[in-house]
């Protein structure tokens, strides 16, 4: 990645950061093209919060149990453990680490041994004998004596950690405001030894000194006494990457320059040489071949004479460079190439490195659909992935349809029978034969203006919400899909749901209601204007998550008894940056940087519940496919949740002694209500129409009870019972005689 070009692009976006959600999303999309530690630096330089550096601890009992996770996402770091008999690769990707055996007998082969699910998005991973350390906002330590069954020994979670380094039995961590040193002689119980007020986004420790790379400079600290670390020198560069070998310090800077210093006397570093035009997001200097430096971009730099470092070879790789490790014995370099996964480069001739192979590609989980024991995941730049979820505790990938290297996004997916539907590349709408999930095959295509942002299948039609357009596509013959109807939309789309003859679209311009009674002529019948990011529906109530620049986000309940005139029933504040919502029974799960819970037992009286669940990364989509809730955690993969009845903390209330019975529930006039306990009770019944407006109140009754709705307009009504023995809500449908 050309950091100069990227810097220009980001500088043009910085003025937009506070302008609204879409602009923030544009900035976020741009940030993901640079290494994690560069993202941290960019946000810090502008005083913006870093959403990845956050508290990952849920409050109390979240009411959800993560039954399983497919934690695949962009690859961000790679480390190796090489012996005479074996080479084991540790690949940080998404919210986990893959443990891989590297083989290269007749042809190169990478065998997956196990996957580790981490607490959050992963950065540096570092292997030391039978221990693996992983940065996930904290530092996790795993016993990898059994490579097929890594065991978590400890999670050092406070304070939130930018980077770490392990030397012998000492763990060095760099957080927002300090360097801390821990003894990990007992890896299950790290013991603090010392700290000082120096910080860095990247670090390296060697020769009794810690080197911290920060936008304010490269800080050199004497750590020979772990109880009293202290700074001894500063170099005035904005540092991206660091490597120290013997008495030489190598580092890459933000202005795309590779520099070499002599640190034989660390308190007085001496410049030796430099090379311009090198995007050194990270560095690797293999100990058995210490005259060549490798960068993940992929540049090979000869440092035989450190005073005149020079590029001897390079090769263009398809993704965005993040980390690199070299295995000289196997003549290979391994690059964590973000959404392109793990890329192997043949370095037998350093002057002419050649890309060999790649595996474990994955990008941001953007949408998910569940059919039986299979889950279909829209994986953005990596196309569609098909997961076997027959055992929800161990979801595994069966196959997929790649869009790698095309630069095309796949933000949504839909499924019907043995066909899946996705956006891929022009002509943008594709049907895929998934009768063999391990080997999906392209089946058909039709032309639409751009990739669908959300899709729903009903009968033989796919209803697709695009940015600025709504399409209805006939898939009765899935190998020959055809657009049969279109309708313009005012803004960029987020989600679509169907109910009867109406489609509801979450749009940055509002909640859009479209009549689809005639699929060949969809038409906009209502637009409830507000920036909406996610919707779900229950009966005649639509729940919408809305965004505000100035306050927290809001969950709204809208009556859609009359779809042409949506009307607000109630609203409740939820945490900032919510992007989707799903309603399960009486709970709305609002999803974004966390998952917040709202009681919707009474749509006219929404109540925020105290619990929350913290995902490994931002949630783009949440769906309910009984009995599980599925969250697309963008670059953190997919989480599968069980709901725990005792977990959601509803407000304490007295239950009614007897069950309220209403008859009939569909009526043209009178409604009777009874309880199954013999003792009469007193109280009142309040009747609300579907807009939330109070229609009638009956109070002070006992004995036989009824209410007359003969004069009420047709529609849905909510009867709220309030007595000295508790409360309850019952829905009644009023029809009109013809």
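Tally time: how many residues in segment 208-245 are modelled with pLDDT under 95 and out of contact with any strand residue (DSSP E or B) (no Cβ under 7 Å at 6 or more places or on another chain)? Qualifying residue count for the region: 3. Take segment 64-95 and flag every residue that is more than 15 Å from residue 130 (Cα to Cα) and surrounded by fewer than 24 Cβ atoms within 10 Å (Cβ to Cβ). Scanning segment 64-95 gives 64, 65, 66, 67, 68, 84, 85.
In segment 590-603, the qualifying residues are those that are surrounded by fewer than 19 Cβ atoms within 10 Å (Cβ to Cβ) and modelled with pLDDT of 90 or more, and the one that is farthest from residue 730 (Cα to Cα) is 599. Going by what's in this entry, would residue 138 be described as buried (at least 18 other Cβ atoms within 10 Å of the Cβ), out of contact with any helix residue (DSSP H, G or I) (no Cβ under 9 Å at 6 or more places or on another chain) and either at pLDDT below 70 or more than 21 Å from residue 281 (Cα to Cα) (or both)? So residue 138 passes the test. Tallying residues that are assigned to a strand (DSSP E or B) and over 26 Å from residue 86 (Cα atoms) within segment 140-163 yields 6. Residues that are in a loop (DSSP other than H, G, I, E, B) and modelled with pLDDT of 95 or more within segment 173-184 comprise just one, 184. The residue of segment 495-509 that is nearest to residue 434 (Cα to Cα), among those that are free of Cβ contacts under 8 Å to residues at least 60 places away in the same chain and buried (at least 21 other Cβ atoms within 10 Å of the Cβ), is 496. Selection of strands (runs of 3 or more DSSP E) fully inside segment 401-463 by the criterion of at least 2 residues being surrounded by fewer than 24 Cβ atoms within 10 Å (Cβ to Cβ) returns 413-416, 428-433, 441-447, 454-458. When 447, 425 are checked against the criterion of being out of contact with any strand residue (DSSP E or B) (no Cβ under 8 Å at 6 or more places or on another chain) and farther than 21 Å from residue 370 by Cβ, 425 stands alone in meeting it.
Looking at segment 546-561, can you tell me whether even one residue there is at positive phi, assigned by TED's automatic domain parsing to the domain that holds residue 495 and in contact with a strand residue (DSSP E or B) (Cβ under 6 Å, 6 or more places away or on another chain)? For segment 546-561, residues at positive phi, assigned by TED's automatic domain parsing to the domain that holds residue 495 and in contact with a strand residue (DSSP E or B) (Cβ under 6 Å, 6 or more places away or on another chain): absent.
In segment 539-560, the qualifying residues are those that are part of a loop (DSSP other than H, G, I, E, B) and surrounded by 19 or more Cβ atoms within 10 Å (Cβ to Cβ), and the one that is modelled with the lowest pLDDT is 547. Does segment 472-490 contain at least one residue that is at pLDDT below 95 and in contact with a helix residue (DSSP H, G or I) (Cβ under 9 Å, 6 or more places away or on another chain)? No, segment 472-490 contains no residue that is at pLDDT below 95 and in contact with a helix residue (DSSP H, G or I) (Cβ under 9 Å, 6 or more places away or on another chain). Restricting to segment 332-347, and then to whatever is more than 26 Å from the chain's Cα centre (by Cα) and touching a residue at least 60 places away in the same chain (Cβ under 8 Å), can you tell me which residue is farthest from residue 78 (Cα to Cα)? Going through the qualifying residues, I end up with 332.
Can you tell me which of 325, 307, 352 is in a strand (DSSP E or B) and at pLDDT 90 or above? From the options 325, 307, 352, the qualifying one is 325. Answer with yes or no whether residue 317 is closer than 23 Å to residue 343 by Cβ, in a strand (DSSP E or B) and within 30 Å of the chain's Cα centre (by Cα). No; evaluated as a whole, the condition is false for this residue.
Residues that are modelled with pLDDT of 75 or more and under 39 Å from the mean Cα position of the chain (by Cα) within segment 718-729 comprise just one, 718. The requirement of being at pLDDT 65 or above, buried (at least 24 other Cβ atoms within 10 Å of the Cβ) and either in the same structural domain as residue 238 (by TED's automatic domain parsing) or farther than 23 Å from residue 380 by Cα (or both) is satisfied by residue 98. A residue that is surrounded by 24 or more Cβ atoms within 10 Å (Cβ to Cβ), modelled with pLDDT under 95 and under 24 Å from the mean Cα position of the chain (by Cα) can be found somewhere in segment 111-118. Does residue 402 satisfy the condition of being under 21 Å from the mean Cα position of the chain (by Cα) and modelled with pLDDT of 90 or more? No: the conditions fail for residue 402.
Considering only residues in segment 285-297 that are touching a strand residue (DSSP E or B) at 6+ places or on another chain (Cβ under 7 Å) and crowded, with 22+ Cβ neighbours inside 10 Å, the one that is modelled with the lowest pLDDT turns out to be 296. Counting only strands (runs of 3 or more DSSP E) that fall entirely inside segment 185-292 and contain at least 3 residues that are under 22 Å from residue 323 (Cα atoms) and under 32 Å from the mean Cα position of the chain (by Cα), the qualifying elements are 202-206, 209-214, 239-245, 248-253.
Here residue 372 passes the criteria (1) in the same structural domain as residue 420 (by TED's automatic domain parsing); (2) touching a strand residue (DSSP E or B) at 6+ places or on another chain (Cβ under 6 Å) except the one numbered (2).
The values are calculated or read from the model by the stated rules, or taken from the named source; none is laboratory data. Everything numeric here is computed off the predicted structure, so don't read it as measured data. All Cβ positions, even for glycine, are placed from backbone atoms using ideal geometry, and neighbour counts span all protein chains on display.
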